[in-house]
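Quick notes on the structure that follows.
Nothing in this text is a laboratory measurement; each read-out follows from the coordinates by a stated rule. Just so you know, these numbers come straight off a predicted model, no measurement behind them. When we count neighbours, we look across all protein chains shown, and the Cβ atoms used for this are built from the backbone with ideal geometry, even at glycine.
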Amino acid sequence: MGDHWEPKEEKGPSDDQAAGGAGTDRPTAGGVDANASKAHLQDLARRLEIRGRSRMTKDELVDALQKANDRETRKAREGA
């Protein structure tokens, strides 16, 4: 979440890429637990102050969280 790691709700792969293992060419959610519940994703989006989160689908929440994570990573790298 943001530019730091947080434990997932449940053990297991976090997205289709992780579920496929090495050598798979499935899409990745870039560190977002795409298999988390929609409620959990909405909670993360609220904590990151993502606008419009209440109207987003689960896939849209994953995309918005991934973009927020990318922004935070860029900020952290620029400040280092």
If you go through the stretch 35-58 one residue at a time, how many are part of a helix (DSSP H, G or I) and either in contact with a helix residue (DSSP H, G or I) (Cβ under 8 Å, 6 or more places away or on another chain) or in contact (Cβ under 8 Å) with a residue 12 or more places away in the chain (or both)?
-> 11
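Taking the residues in the stretch 48-70 that are more than 12 Å from the chain's Cα centre (by Cα) and surrounded by 12 or more Cβ atoms within 10 Å (Cβ to Cβ) as candidates, determine which candidate is nearest to Gly31 (Cα to Cα).
Here the answer is Ile50.
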Inside the stretch 71-80, the number of residues satisfying the requirement of being in a helix (DSSP H, G or I) and loosely packed, with under 12 Cβ neighbours inside 10 Å is 4
